[in-house]
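Colleague: A single structure is presented below for examination.
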Amino acid sequence: MAAAMVLSAGTAAQTASLRLECSDIFRVWNNKVVEAYAELGIQVECVEMPWARGAQNLASGLLDGTAIRAKDFGDHFPNLLRVEPPVTVFTILLYKRKDSAIDHRNWRSHSIVSLRGSVLSDQLLVGLDSHRAANLEAALKQLSAGRVDLLLGDTLAVPEAIQALGVTNVEAIFPPVATYPMYHYLSAEHEDLVLPISRQLTGPLVD
């Protein structure tokens with residue numbers, strides 16, 4: 001522990017602040033990463049932007065890393081280093097109208113809305129009748145009004161939006177469609193931060 005604290009203090013002295021890509025649907029987990037850096041004395045600016053634009057900025061080196069992305073994200077960006085352990089395990093569910101007979105066995109034959117720019121959702125919906133919404137509010141309204149049959153979303157942001165919007169005719173379908181471990185990534189120039197932030201992130205996962 002003493003060695004870790006010495007390393008952390010030395011790294012913090014060299015790196016005063018970072019700019020990280022952050023997704024607005026992962027705010028709880030963005031905050032976990034920001035708080036982990038705060039323990040090292042490093043300030044993080046969380047830059048929210050669509051995932052596609054964030055990927056472009058990461059590729060061009062305009063950002064110091066990303067707060068949270070899927071495990072295979074780094075395969076496409078050799079300038080990024082994946083930090084272990086995962087920040088969380090992201091669970092993807094389908095949501096339907098309560099009067100619907102759709103379940104986990106027949107969902108693929110129905111129309112589905114997901115958020116525009118979500119790479120994980122796009123991978124699951126290849127070849128299906130899928131639609132994209134600019135934000136979660138728009139997606140929920142489409143589902144609730146019957147303009148689509150299903151919504152593909154997570155276990156945190158979607159229930160929060162359902163409650164905030166007062167939607168009463170939507171419910172989740174179990175079991176989950178998929179689960180993904182989600183990781184923090186740093187640009188290679190910050191390699192000296194990987195071990196200290198890894199130690200800070202070690203602990204119970206937030207789901």
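Colleague: Rolling a 1.4 Å sphere over the protein heavy atoms, what is the accessible area per residue of the range 145-197, to the nearest Å²?
Modeller: Normalised by residue count, the accessible surface of the range 145-197 is 45 Å².
Colleague: Any lysines with Cα under 26 Å of the residue 141 Cα? List them, leaving off those in the same chain fewer than 8 positions away.
Modeller: By straight Cα distance, residue 141 reaches 96, 98.
Colleague: Can you tell me the relative contact order of the chain? Whole percent, Cα pairs under 8 Å, sequence separation 6 or more.
Modeller: Computed over the chain, the figure is 31 percent.
Colleague: Let me ask something else. Any chance you could run the full-extension gain for residue 172 through residue 79? It's 0.36 nm times the residue separation minus the Cα-Cα distance, nm to one decimal.
Modeller: Here the segment from residue 172 to residue 79 would lengthen by 29.7 nm.
Colleague: Still on this model: Considering only protein heavy atoms and a 1.4 Å probe, what is the carbon-and-sulfur percentage of the accessible area of the chain?
Modeller: 53 percent
Colleague: Might you report the magnitude of the Cβ-based charge dipole of the chain about its Cα centre, with Lys and Arg at +1 and Asp and Glu at -1, to the nearest 20 debye?
Modeller: Taking the Cα centre of the chain as origin, the dipole is about 560 debye.
Colleague: Now, a different point. What do you get for the angle between helix 136-145 and the principal long axis of the chain? Use alpha-carbon atoms, 0 to 90 degrees, nearest ten.
Modeller: 10 degrees
Colleague: Got a sec? Charge dipole of the chain, +1 on Cβ for Lys and Arg, -1 for Asp and Glu; which of 201, 166, 42 is way out at the positive end?
Modeller: Final value for the positive-end residue is 166.
Colleague: So for each of 113-122, 76-85 I average, over its residues, the number of other beta carbons within 10 Å; can you give me the resulting order with the highest mean first?
Modeller: In decreasing order of mean packing, 113-122, 76-85 become 113-122, 76-85.
The values are calculated or read from the model by the stated rules, or taken from the named source; none is laboratory data. Worth saying up front: this structure is predicted, and the values here are computed from it rather than measured. For neighbour counting, all protein chains shown are included, and Cβ atoms are generated from backbone atoms with ideal geometry for every residue, glycine included. Areas reflect the complete protein model, heavy atoms only, side chains present, ligands, DNA and RNA absent. Shrake-Rupley method; radii C 1.70, N 1.55, O 1.52, S 1.80 Å.
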